[in-house]
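Asker: Input: one structure, supplied below.
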Amino acid sequence: MAADRSQVKSMPMLEPASWTYAADEHSYDPQAVPCEDAPTRFAVDGMAQRDAAFIALLNAYRATGGLLRGDDLIHLMASRCSGDHASLSSSIAAGEILCFDWNQTLWIPVFQLDRESLGATTATRRLLAELSGAFDGWAAAHWLVAANAWLGECTPLELLGTHLEAVLDAARADSFVARG
């Protein structure tokens, strides 16, 4: 069941389970991939893999507030007089807010937003500064929810609130490795 956009725009607080139900809107069925000719199949397989990766991210972020569509965040910011399209764009361009594109929609993990101002938390800004230049939005979103050897196989997202310095060290190390 999809969330009613009119309810999303008027919500006074970020409620973890109420933002996105894109997994319901965009189900992934590997049997639906056509295989008549190879070039089309490779393109469709790539899209199916990207869809599956998005659904995995949706599920991984659900416990920490989920993923929020960029347009929904803009409406929420406007309703709280805490920003607009330009301020969100500036925060994204400055590398202060993690986002990624899927299906021509900008998606933002909610965990990184301050509940009052809807801006990025200091921890998020510090983390994204470490990942900058080594990971794009998709890679950073996956990095945050993947088990990490530097963190004893915990995910960076699990430890972000309690062991920030360890997460920053892991981000620094993985960024160094990613840059080669």
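The values are calculated or read from the model by the stated rules, or taken from the named source; none is laboratory data. Bear in mind the structure is a predicted one, so any value in this text is a computation, not a measurement. Virtual Cβ from ideal backbone geometry, glycine too; neighbours counted across all protein chains shown. What goes into the accessible areas is simple: the full protein's heavy atoms, side chains included, and nothing from ligands, DNA or RNA. Shrake-Rupley method; radii C 1.70, N 1.55, O 1.52, S 1.80 Å.
Asker: Within a Cβ distance under 15 Å of Ser132, other residues only, what is the Lys/Arg minus Asp/Glu net charge?
Answerer: Spelling it out: positives minus negatives among the neighbours equals 0.
Asker: Also: Which length gain, in nm to one decimal place, applies between Leu151 and Ala63 when the Cα-Cα distance is subtracted from 0.36 nm times their residue separation?
Answerer: 29.7 nm
Asker: Something else about it: What figure in square angstrom, to the nearest 10, would you give for the accessible area of His75 with a 1.4 Å probe?
Answerer: For His75, the solvent-accessible surface is approximately 80 Å².
Asker: Next question. Taking a ≥ b ≥ c as the square roots of the eigenvalues of the Cα gyration tensor of segment 95-180, is the shape rounded (a/c under 1.5), prolate (a/b larger than b/c) or oblate?
Answerer: Note, shape of segment 95-180 comes out oblate.
Asker: Which value, in Å² and to the nearest 10, is the accessible area of Cys81 when all protein chains are kept and the probe is 1.4 Å?
Answerer: The accessible area comes out at roughly 120 Å².
Asker: Using a 1.4 Å probe over the heavy atoms of the protein chains, calculate the carbon and sulfur portion of the accessible area of segment 82-180 as a whole percent.
Answerer: Roughly 54 percent, rounded to a whole number.
Asker: May I pose another question? Towards the positive end of the charge dipole of segment 74-139, with charges on Cβ (+1 Lys, Arg; -1 Asp, Glu), say which of Ala120, Gly137, Ile97 has the farthest Cα.
Answerer: After comparing all options, I get Ala120.
Asker: Give me the accessible area of Thr155, 1.4 Å probe, in Å² rounded to the nearest 10.
Answerer: Number for this one is 20 Å².
Asker: State to the nearest 20 debye the size of the charge dipole of segment 88-180 about its Cα centre, where the only charges are +1 on K and R beta carbons and -1 on D and E beta carbons. Don't skip to the answer; put the middle values down first.
Answerer: Numbers: 5 positive and 11 negative charges, 27 e Å.
The calculated dipole for segment 88-180 is roughly 120 debye.
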